[in-house]
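*Asks:* Structure below; questions to follow.
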Amino acid sequence: MADTQPATPVSLTGKPFTAMRGSEKITWIGKCVVMLLTGGFAFPNIFVE
């Protein structure tokens, strides 16, 4: 049976992006940028939690 709930992006802390505070969002976005610029060598599991 298919899951009817939409997927919610989850951060490193286990919170959805919309439930994070401003400073947590900035930190998470910064980690994403660093991960992309290093080709995945830094913070390779940022989306895996």
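*Asks:* Looking only at region 28-49, filter to residues that are at pLDDT 65 or above and either under 10 Å from the mean Cα position of the chain (by Cα) or basic (K, R) (or both); which one of those is surrounded by the most Cβ atoms within 10 Å (Cβ to Cβ)?
*Replies:* Residue satisfying both the conditions and the ranking: W28.
*Asks:* If a residue has to be loosely packed, with under 11 Cβ neighbours inside 10 Å and either in contact with a Lys or Arg (Cβ under 6 Å, 6 or more places away or on another chain) or at pLDDT 60 or above (or both) to count, how many in region 4-15 make the cut?
*Replies:* 5
The values are calculated or read from the model by the stated rules, or taken from the named source; none is laboratory data. On a predicted model such as this, the values are computed, not experimentally measured, just so you know. Note that each Cβ is placed from the backbone with ideal geometry, even for glycine, and that neighbours are counted across all protein chains shown.
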